[in-house]
Amino acid sequence: MKQYQDRLVEQIRQCEETITEFGVEIRLKESPNRAGKGHMDPAELSLINENWAASDQEDAGHPYELDLPPEEMIPFLRDMMGFPNLNLNTMEIITKYETIPVRGREVGLWRYFLRKGKREPKSCLIYIHGGGWFGGSVYTVENPCKFIAEAADAVVFNVDYGLAPQMKFPYNLEECYEAVRHVYRNAEIYGIDPKRITIAGDSAGGNLCAAMCLKDRDEGNHYIAQEILLYPAVTFGRHAAPGYEWHMDAFEIAPGQERTIKGCLTLGQPQDVETNREAGWYFKDFKDASHPYASPMMAGDLSGVAKTVILTAEYDGLRIQGEFYGSQLAKAGVETMIYRYCGCTHAFIDRLGYQPQPEDACRLIAELL
């Protein structure tokens, strides 16, 4: 059972003002019950305090800062990822599983659809989970995928791609793209319209989706009709396109919430790629970090990319680059929409059922399908 009232979702849907940043319009999804601007959503703040706040001691440190060898650190971080979200489905969802061969590996492909849905070819969503390229799982996003499948009466796929450090750039990108190619080529079998394939991904999954759209355009395949990027990472290290800057002043923070909010803004802050631990796990050569398929912001030409919708979170260090990337796409002539979920932090989609914003995001995705 969801932990909030339905009226809060409706309030988010109805309260939508716009601002202009980077020369483009951003639609604000206001938190329905926070104390005011500069404050976190109270439900999200409570979840953070209950689940991730390691200590009230200023000098306690952060578990991500532990100095462990990779063979211990990677499983530790993987276990910390995700959130036990809730199943909000009210109708029966069929789940299928198969594998597809990619470069000698078997890539898992989960599929969700209504048992009693419409018969005509359906729209399709292919979801790529986040997790820093080395973590995350299809299980974290299974409930959101199933909820979208019901809300849109669509066929939703969930790709179990290989993770770093075993699978380094660009192999997981290639696995995800081969999953798209497979779905496109087997559209009739899956009962989908091959002209209505949307890809979506959160964080590192958003990065992979943005890269796939570039690859799709570059190869002239046009399998992808639309991409939905949830708080995506679109650049590595200090690589930046002209006009992009990361600065703490971009975040309005209320007195008394500085420590908590600033602790949520570590992602996206400029850092030498050579000293970035996750980059060391992901790249064989740090020079690859500037490649457009690793840092889509660095693509010189973004024209011809599929229609794009970007969802960001107000208190996410990746917010600035996600919204800037949206401006790059819009200025390149790509049909682009940007939504900012106010009061929220990174990975809020994982908390489906515990606060209203993830449900609103899933319903928005369903409408876009």
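Suppose R0 equals 30 Å. What FRET efficiency, 1/(1 + (r/R0)^6) with r the Cβ-Cβ distance, do Asp6 and Lys118 give to the nearest 0.05? My answer for the efficiency is 0.75. In order along the stretch 137-144, the phi-based Karplus estimate (6.51 cos²θ - 1.76 cosθ + 1.60, θ = phi - 60°) of 3J(HN,Hα) comes to 7, 5, 6, 4, 9, 4, 5, x Hz; Gly and Pro are listed as x.
Taking the beta-carbon count within 10 Å as an exposure proxy, list Asp316, Asp67, Asp6 from fewest neighbours to most. Write out the running numbers ahead of the final one.
Details: Asp316 24, Asp67 5, Asp6 10.
Lowest count first: Asp67, Asp6, Asp316.
Short-range pairs are left out: with C-alpha atoms under 8 Å and at least six residues apart, the relative contact order of the chain is 22 percent. Mind giving me the FRET efficiency for Ser46 and Thr99? R0 is 45 Å, r the Cβ-Cβ distance, nearest 0.05 is fine. The computed FRET efficiency comes out at 0.70. Spatial offset of the stretch 66-121 relative to the stretch 1-51 amounts to 27 Å, using the alpha carbon center of each. Taking trypsin sites (Lys or Arg not before Pro) in DSSP loop conformation with at most 14 other Cβ atoms inside 10 Å as exposed sites, the chain has its longest uninterrupted site-free stretch at 120-237. Per-residue extension of 0.36 nm, minus the Cα-Cα distance of Arg259 and Arg78, leaves a gain of 62.7 nm for this segment.
With neighbours defined as other Cβ atoms within 10 Å of a residue's Cβ, the residues Leu173, Leu230, Leu28, Leu318 order from fewest to most as Leu28, Leu173, Leu318, Leu230. The mean sequence distance of close C-alpha pairs (under 8 Å, at least 6 residues apart), as a share of the length of the stretch 15-171, puts its relative contact order at 18 percent. Counting only residues at least eight positions apart within a chain, or on another chain, the aspartates and glutamates with an alpha carbon under 16 Å from that of Lys215 are Glu174, Glu175, Glu178, Glu227, Asp288, Asp301.
By the helix-only formula, in which each DSSP H run with n ≥ 4 contributes -39500 (n - 2.57) and the sum is divided by residues, the chain has a 222 nm mean residue ellipticity of -9000 deg cm²/dmol. Hey, which aspartates and glutamates would be in cross-link range of Lys262, C-alpha to C-alpha under 18 Å, not counting anything within fewer than 8 residues on its own chain? Result set, ordered by chain and number: Asp41, Glu44, Glu50, Asp56, Glu58, Asp59, Glu65, Glu245, Asp249, Glu252, Glu314, Asp316.
Neighbours of Phe113, meaning other residues whose beta-carbon lies under 11 angstrom from its beta-carbon, give a summed charge of +4 when Lys and Arg score +1 and Asp and Glu score -1. Couplings 3J(HN,Hα) of the stretch 15-21, computed from phi: 9, 9, 8, 10, 10, 10, 9 Hz, in residue order, whole Hz [Karplus 6.51 cos²θ - 1.76 cosθ + 1.60, θ = phi - 60°; x for Gly and Pro]. A run of the chain free of exposed loop cleavage sites, with GluC sites (Glu not before Pro) counted only in DSSP states other than H, G, I, E and B and at most 15 other beta carbons within 10 Å, reaches its longest extent at 93-218. The amide H of Asp316, built 1.01 Å from its N in the peptide plane, has no neighbour under 5 Å, considering only residues 5 or more places off or on other chains.
Across the stretch 211-282, Cα-Cα distances exceeding 15 Å account for 70% of all pairs. Extents of the stretch 226-337, largest first, come to 45, 34, 23 Å (Cα atoms, principal axes, whole angstrom). Given the options Pro84, Pro242, Pro42, identify the residue whose Cα lies farthest towards the positive end of the charge dipole of the chain (+1 on Cβ of Lys, Arg; -1 on Cβ of Asp, Glu). Positive-most Cα among the choices belongs to Pro84. Rounded to the nearest whole Hz, the Karplus-based 3J(HN,Hα) values (6.51 cos²θ - 1.76 cosθ + 1.60, θ = phi - 60°) of the stretch 223-237 follow the sequence 6, 9, 8, 7, 10, 10, 10, 9, 5, x, 8, 10, 7, 10, x, with x at glycine and proline.
Exceeding 20 Å between C-alpha atoms, which entries from my cross-link table qualify? They are Lys118/Lys195; Lys168/Lys287; Lys122/Lys331; Lys2/Lys146; Lys284/Lys307; Lys122/Lys195.
Values: Lys118/Lys195 17 Å; Lys168/Lys287 13 Å; Lys122/Lys331 31 Å; Lys2/Lys146 15 Å; Lys284/Lys307 31 Å; Lys122/Lys195 10 Å.
Going by Cα-Cα distance, Lys122/Lys331; Lys284/Lys307 fall outside the 20 Å limit.
Bear in mind these aren't lab numbers, they're just calculated from the coordinates by the rules spelled out. Everything quoted here is computed from the prediction, not taken from an experiment. So basically every Cβ, Gly included, is an ideal-geometry build from the backbone, and we count neighbours across all protein chains shown.
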